[in-house]
Amino acid sequence: QRLAAEDGIQREDIFLQTKFTPIRGQDPKNVPYDTKAPLASQVQQSLRKSLQNLQTSYLDSLVLHSPLDTHQNTMLVWREFEAFVRQGTVRQLGISNNYDLASFQAIFRDAEIKPTVLQNRFYRDSGYDAGLREFCRSNGVAYQSFWTLTANPDLLQSRAVQEAALELSATP
């Protein structure tokens with residue numbers, strides 16, 4: 001709202017993506033839902049809090065922070081996510097921190113509304129998620145990397161990056 005008033009930037013000009021984080025990934029002092037509530041209620045409460053905090057009526061993307069302890073619980077959360085899409089509160093869905101191809105394929109297979117985003121750390125020790133990225137490419141899923149430069153500082157020193165920086169008069 002402030003951006004619109006001060007800078008003329010409208011909500012539809014901004015892509016807002018946030019996550020639902022299961023309790024094991026939460027800061028125990030700042031959980032946006034009742035930890036004793038059923039899992040489906042936790043997801044609903046978390047979305048309401050995100051909408052309130054972001055001062056919006058919808059999200060462009062909602063990402064599950066990581067698979068849960070079982071596929072059944074992961075899909076329980078996913079079903080709540082799908083309901084948000086059907087209600088028009090969320091436009092697309094994704095998952096993060098899913099480094100197991102079989103796990104991601106199972107979610108993709110069982111989802112009525114397919115994930116459009118897989119967000120993972122991108123680094124050498126994971127083989128740069130080659131199998132996952134191929135699956136994403138073949139199924140129209142955007143692969144979003146995070147921790148990319150921190151995990152791969154040697155990339156900044158690579159010939160390609162150094163040459164690009166020089167050409168652009170930029171710092172790698």
Report task. Those residues that are part of a loop (DSSP other than H, G, I, E, B) and surrounded by fewer than 14 Cβ atoms within 10 Å (Cβ to Cβ), I need them from region 74-101; list them, please. Result -> Gly88, Asp100
**Report entry** Options His71, His65; residue that is open to solvent by less than 60 Å² (accessible area, probe 1.4 Å), within 21 Å of Pro38 (Cα to Cα) and not small (Gly, Ala, Ser)
**Finding:** His65
Query raised in the report: Mind checking whether some residue in region 49-58 is in contact with a Pro (Cβ under 6 Å, 6 or more places away or on another chain) and among the charged types (D, E, K, R)?
Result: yes
Query raised in the report: Considering region 90-114 alone, what residues qualify as being closer than 13 Å to Val77 by Cα and out of contact with any Asp or Glu (no Cβ under 8 Å at 6 or more places or on another chain)?
Result: Gly94, Ile95, Ile107, Asp110
Query raised in the report: Of the residues in region 2-57, how many are under 20 Å from Gln87 (Cβ atoms) and either in contact (Cβ under 8 Å) with a residue 12 or more places away in the chain or exposed (fewer than 12 other Cβ atoms within 10 Å of the Cβ) (or both)?
Result: 28
Query - First in region 107-132 and in a helix (DSSP H, G or I), second anywhere and crowded, with 19+ Cβ neighbours inside 10 Å and modelled with pLDDT under 95, Cβ under 9 Å, 6 or more apart - result: Tyr128/Phe122; Asp129/Phe122
Requested in this report: Residues being farther than 16 Å from Asn97 by Cβ and either in contact with a His (Cβ under 7 Å, 6 or more places away or on another chain) or in contact (Cβ under 8 Å) with a residue 12 or more places away in the chain (or both): count how many of those fall in region 58-73.
Outcome: 3
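The values are calculated or read from the model by the stated rules, or taken from the named source; none is laboratory data. Just so you know, these numbers come straight off a predicted model, no measurement behind them. We place every Cβ from the backbone using ideal geometry, glycine too, and count neighbours over all the protein chains shown. The protein model used for the area step is the full one, side chains on, heavy atoms only, and it has no ligands, DNA or RNA in it. Shrake-Rupley method; radii C 1.70, N 1.55, O 1.52, S 1.80 Å.
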